[in-house]
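Report on one structure; see the data block that follows.
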Amino acid sequence: MPDYKFVDTHAHLDGEEFKDDLPLVIQRAKDSGVGAIFLPGVDSSSVTSVMKVCRQYPGYCFPMIGLQPEEVRADWRDVLAMMRKALDDNATERVDSLRYIAIGECGLDFYWSREFETEQLAAFEEQVQWSVETRLPLMIHCRKAQNELLHILRNYEKDLPGGVFHCFTGNEKEAAQLLEFDNFVLGIGGVLTFKKSHLPEVLPHIPLERIVLETDSPYMAPVPMRGKRNESAFVAYVLDKMADVYGISRDEVDAITTKTAKRLFRLD
């Protein structure tokens, strides 16, 4: 893997939002200093769409596979069975740049509804088991479910290879609970730049080595792009704000967060 800058560890570039101008989006990302983009899976269709983008941009876009909690339905077992077959088949491929680098986006989300709470819990635990078995890190989505999430993770704490708590927006206490897990880090994106965000006060209490950058494109664009479609190039704004928050140079933030991303996703 080259000496990347500004790794965007979470971008849904396989979505419909990018179907008309993906090459331009990729070029803008490169021009802004983004050296690699990680694409999470979310549902059954993303198994194909994520890999399609990564085949277009091998060595630059890297795939994950997982069932996002908001996509968990009554058929979750069938979806995970299909994903597990794709994961196992992928492990035999010889093209390293097209190997899955993580299990995710998976997790728990009880923000809107608990209709599929039992299914979400079971689906997440199965994907945690995949991580333990394959030694691939987890890309975890958690909203209004931290206690339930921690309960599951603690059952596997000694065996987990690590991962990212994606889109962290919590307080210092919540960060401390999550970072009790070795080799896990917080994914920080555009929310850091929002006017009412409390992250600028929280992050200085967190070692920068336990943070990676992300956009969650096309969602949650940072200031000054808020309200627009987010894209990987905009991770530079998150980087700039993080440098301001920590009182160090953007080059230092780049070097530290990139080193963490490369180590965690085993892309050295």
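The values are calculated or read from the model by the stated rules, or taken from the named source; none is laboratory data. For clarity, every value in this text was computed on a predicted model and none was experimentally measured. Glycine also receives a Cβ, built like all others from the backbone with ideal geometry; neighbour counts cover every protein chain displayed. Accessible surface is based on the protein model in full, side chains and every heavy atom, while ligands, DNA and RNA are left aside. Shrake-Rupley method; radii C 1.70, N 1.55, O 1.52, S 1.80 Å.
Key figures
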{"read-out": "Sites ALA255 and LEU24, calculated FRET efficiency, Cβ-Cβ separation with R0 41 Å, nearest 0.05", "value": "0.90"}
{"read-out": "Where N is the number of residues in the chain, Cα Rg divided by 2.2 N^0.38 Å", "value": "0.93"}
{"read-out": "Whole-percent carbon and sulfur share, accessible surface of the chain, 1.4 Å", "value": "49"}
{"read-out": "GNM top mover of GLY227, GLY107, GLY163 - the chain, alpha-carbon springs below 10 Å", "value": "GLY227"}
{"read-out": "Dipole in debye (nearest 20) - the chain, about Cα centre, beta carbon charges: Lys, Arg +1; Asp, Glu -1", "value": "460"}
{"read-out": "Helical contribution to [θ] at 222 nm, DSSP H n ≥ 4, -39,500 (n - 2.57), averaged over the chain, rounded to 500", "value": "-11500 deg cm²/dmol"}
{"read-out": "Length gained when the stretch ASP89-GLN177 is fully extended (0.36 nm per residue, less Cα-Cα span)", "value": "28.2 nm"}
{"read-out": "Cα radius of gyration and Dmax for the stretch 52-105 (Å)", "value": "12.2, 36"}
{"read-out": "³J(HN,Hα) computed for each position of the stretch 218-229 - Karplus, 6.51 cos²θ - 1.76 cosθ + 1.60, integer Hz, glycine/proline x", "value": "x, 9, 6, 4, x, 5, x, 9, 4, x, 9, 5"}
{"read-out": "Extension gain, ILE152 back to ARG263 (0.36 nm per residue minus Cα-Cα distance, nm)", "value": "37.5 nm"}
{"read-out": "5 angstrom amide H check on GLY66, placed H, neighbours 5+ away", "value": "GLY41, VAL42, GLY104, GLU105"}
{"read-out": "The stretch 169-184 - phi-based ³J(HN,Hα) in whole Hz, Karplus 6.51/-1.76/1.60, Gly and Pro as x", "value": "9, x, 9, 5, 5, 5, 4, 4, 4, 5, 7, 5, 7, 4, 6, 9"}
{"read-out": "The chain: DSSP helices with Cα axial extent of at least 30 Å and average Kyte-Doolittle hydropathy no lower than 0.0", "value": "none"}
{"read-out": "Cβ-Cβ FRET estimate between LYS228 and HIS198, R0 fixed at 30 Å, reported to 0.05", "value": "0.80"}
{"read-out": "Under 28 Å from the Cα of LYS158 - lysines, other chains or at least 8 residues apart", "value": "LYS85, LYS144, LYS173, LYS259, LYS262"}
{"read-out": "Share of alpha-carbon pairs per 10 Å distance bin for the stretch 1-109, given as whole %", "value": "15, 46, 31, 8, 0"}
{"read-out": "For the chain, built as a Gaussian network whose Cα springs stay under 10 Å, the top-fluctuating residue of TYR111, TYR57, TYR246", "value": "TYR111"}
{"read-out": "Viscosity 1.002 mPa s, temperature 20 °C, Stokes-Einstein D of the stretch 12-76 from Kirkwood C-alpha radius, µm²/s", "value": "172"}
{"read-out": "Calculated over the stretch 97-247: convex hull of Cα atoms, volume per residue (Å³)", "value": "128"}
{"read-out": "Selected from ALA36, ALA81, ALA221 as most flexible by GNM, with the chain as the system and alpha-carbon contacts under 10 Å", "value": "ALA81"}
{"read-out": "Convex hull of the stretch 151-237 built on C-alpha atoms - directionally averaged projected area, nm²", "value": "6.1"}
{"read-out": "Residue-normalised accessible area of the stretch 1-87, expressed per residue, 1.4 Å probe, Å²", "value": "43"}
{"read-out": "Cα shape, the stretch 228-268, gyration tensor, a/c 1.5 rule", "value": "oblate"}
